[in-house]
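What follows is a short report on a single structure.
The values are calculated or read from the model by the stated rules, or taken from the named source; none is laboratory data. All of these numbers come straight from a predicted model, not from anything done at the bench. For neighbour counting, all protein chains shown are included, and Cβ atoms are generated from backbone atoms with ideal geometry for every residue, glycine included. Just so you know, the surface numbers come from the protein's heavy atoms only, side chains and all, with ligands and any DNA or RNA stripped out. Shrake-Rupley method; radii C 1.70, N 1.55, O 1.52, S 1.80 Å.
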Amino acid sequence: EFYDKFTIRYHISIIMKTMWESAVHKMAIITESNNGKQFIRFINMMMNDTTFLLDESLSALTRIHEVQEDMADPAKWGAQNQETRTSRHRQLTQDERNCRSYLTLARETVDMFHYLTEGVQEPFLRPELADRLAAMLDAVLEQLTNGPKCRNLKVKNPEKYGWEPKWLLSHIIDIYVHLAGDKMAKAMANDERSFKIETFQDAIKRMESTLNSSQSDIQRFRELADDANKLVVERQKQELSWENVPEEFEDAVMGEIMDDPVILPGSGKVMDRKHIIRHLLSTPNDPFNRQPLTEDKLIPATDLKKKIQDWKKVQMEKMDK
């Protein structure tokens, strides 16, 4: 079932790429991207697939690296009993096979992100998608640069698995550059898990030394990282200085202060619009009672939104004093 699913999606990606190379079909895709929810759902599926494939690929490469390292040390390898060596060798064979498949598919999905974001930006920066996309890119960038796992991705004969870290790093950086702007910086700053300015500084060094990036791309990438880091610093100051956030201002699932609260009609719960729409892209129901729910049924909590905005204004004024 897994291979059937991704084989079909692999062929879809090939068809999409062929269509993108045709001026007529490219314009049709761009027009569709501006017309409604179907393209948003398509991007959401792309992110699901890319996240899964890259996670599996990089995990498999790490395990391959570990076994190859041990096998290269006769004393260390020989110290393990026969059963352990046999089991690890069997796992190595399986990881090598899976890694080739995962990387083949991952390359196509990353490539699709690359050429689509070059031609179309707005759908990728929608509130329900931007945070997830930034988190995915940040996590991969960290592993490919100064992250602690970077050296564990070095394997013997990488071409055997279709492993081209330079190609992947270049394409990930290009996607950032294609989407650079205030919305992308905000999404990156919202990624409390993987966004680190040191990662981007390391990536810039690689852009200058090994990727042969243009000066304009380097500057755009640097400005994007700096803007995101400024937002992180600002948020940290807010967290320290803002007084107790009223519970009614917090999203019922995420526990974050909301920007655009909406009421879920079935359960009566209040969520930030971007979070519930992100949920509905994959699961069209109310997360609290599983009743069917669509975006058009969400009820704007207008009065609550005004209260949140007023409260934020007061807190900002306190910070400025």
Legend entry - Computed helical MRE - 222 nm, the chain, DSSP H runs ≥ 4 contributing -39500 (n - 2.57), nearest 500: -23000 deg cm²/dmol
Inset, instruction - Would you please classify the overall shape of region 220-262 from the alpha carbon gyration tensor, given that a ≥ b ≥ c denote the square roots of the eigenvalues, rounded means a/c under 1.5, and beyond that prolate means a/b larger than b/c while oblate covers the rest? - result: oblate
Inset, instruction - Return one whole number: the accessible area per residue of region 1-153 in Å², for a 1.4 Å probe. - result: 50 Å²
Legend entry - Per-residue ³J(HN,Hα) for region 300-313, Karplus 6.51 cos²θ - 1.76 cosθ + 1.60, θ = phi - 60°, Hz, x for Gly and Pro: x, 8, 4, 5, 5, 4, 5, 4, 5, 4, 5, 5, 4, 4
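Given 0.36 nm per residue, what is the gain on full extension from residue 192 to residue 295 after removing their alpha carbon distance, in nm?
Numbers: separation 103, 0.36 × 103 = 37.08 nm, distance 2.73 nm.
Length gained between residue 192 and residue 295: 34.3 nm.
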Inset, instruction - Return the sequence-ordered ³J(HN,Hα) values of region 258-271 in whole Hz as given by the Karplus equation 6.51 cos²θ - 1.76 cosθ + 1.60 applied to θ = phi - 60°, using x for Gly and Pro. - result: 8, 9, 9, x, 9, 9, 7, x, x, 9, x, 6, 10, 9
Legend entry - Globularity index of region 189-321, i.e. its alpha-carbon radius of gyration over 2.2 N^0.38 Å: 1.38
Inset, instruction - Count neighbours as other Cβ atoms within 10 Å of each site's Cβ, and list the trypsin sites (Lys or Arg not before Pro) in region 93-184 that are DSSP loop with at most 12 such neighbours. - result: 156
Inset, instruction - Run the 1.4 Å probe and let me know the accessible area of residue 61, rounded to the nearest 10 Å². - result: 0 Å²
Legend entry - Reach of residue 307 by Cα under 13 Å, taken over aspartates and glutamates that are not fewer than 8 positions away in the same chain: 247, 248, 250, 259, 260
Inset, instruction - Give, in nm to one decimal, the length gained when the segment between residue 94 and residue 76 is fully stretched (0.36 nm per residue of separation minus the Cα-Cα distance). - result: 4.3 nm
Legend entry - Eligible lysines near residue 37 by straight Cα distance, threshold 20 Å, same-chain separation 8 or greater: 26, 183, 274, 297
Inset, instruction - Treating the Cα atoms of the chain as identical point scatterers in vacuum, please give the log10 of the normalised Debye intensity I(q)/I(0) at q = 0.10, 0.11, 0.14 Å⁻¹, two decimals. - result: -0.72, -0.85, -1.21
Legend entry - Accessible area in square angstrom per residue, region 204-268, 1.4 angstrom probe: 62 Å²
Inset, instruction - Roll a 1.4 angstrom probe over the protein heavy atoms and tell me the percent of accessible area of region 1-137 that is carbon or sulfur. - result: 54 percent
Inset, instruction - Would you tell me the accessible area of residue 198, worked out with a 1.4 angstrom probe on the heavy atoms of the protein chains, in Å² to the nearest 10? - result: 100 Å²
Inset, instruction - Post the alpha-carbon centroid distance, region 207-277 to region 28-50, in whole angstrom. - result: 22 Å
Inset, instruction - Mind grabbing the accessible area of residue 316 for me, 1.4 Å probe, Å², rounded to tens? - result: 70 Å²
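Please compute the contact order of the chain in relative form: average sequence separation of alpha-carbon pairs under 8 Å and at least six residues apart, divided by the residue count, as a percent.
15 percent
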Legend entry - Cut-off under 5 Å, modelled amide H: who pairs with residue 257 long-range: 251
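In whole percent, and with a 1.4 Å probe on the protein chains, what portion of the accessible area of region 213-305 is carbon and sulfur? Could the numbers behind the result be given before it?
Working: 2600 of 5410 Å².
Answer for region 213-305 is 48 percent, counting heavy atoms of protein chains only.
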Legend entry - Cα-based reach from residue 76 at 26 Å (exclusive), listing lysines while leaving out same-chain residues under 8 positions away: 149, 154, 156, 160
Inset, instruction - Would you mind calculating the gained length between residue 311 and residue 210 on full extension (0.36 nm times residue separation, minus the Cα-Cα distance), in nm to one decimal? - result: 31.5 nm
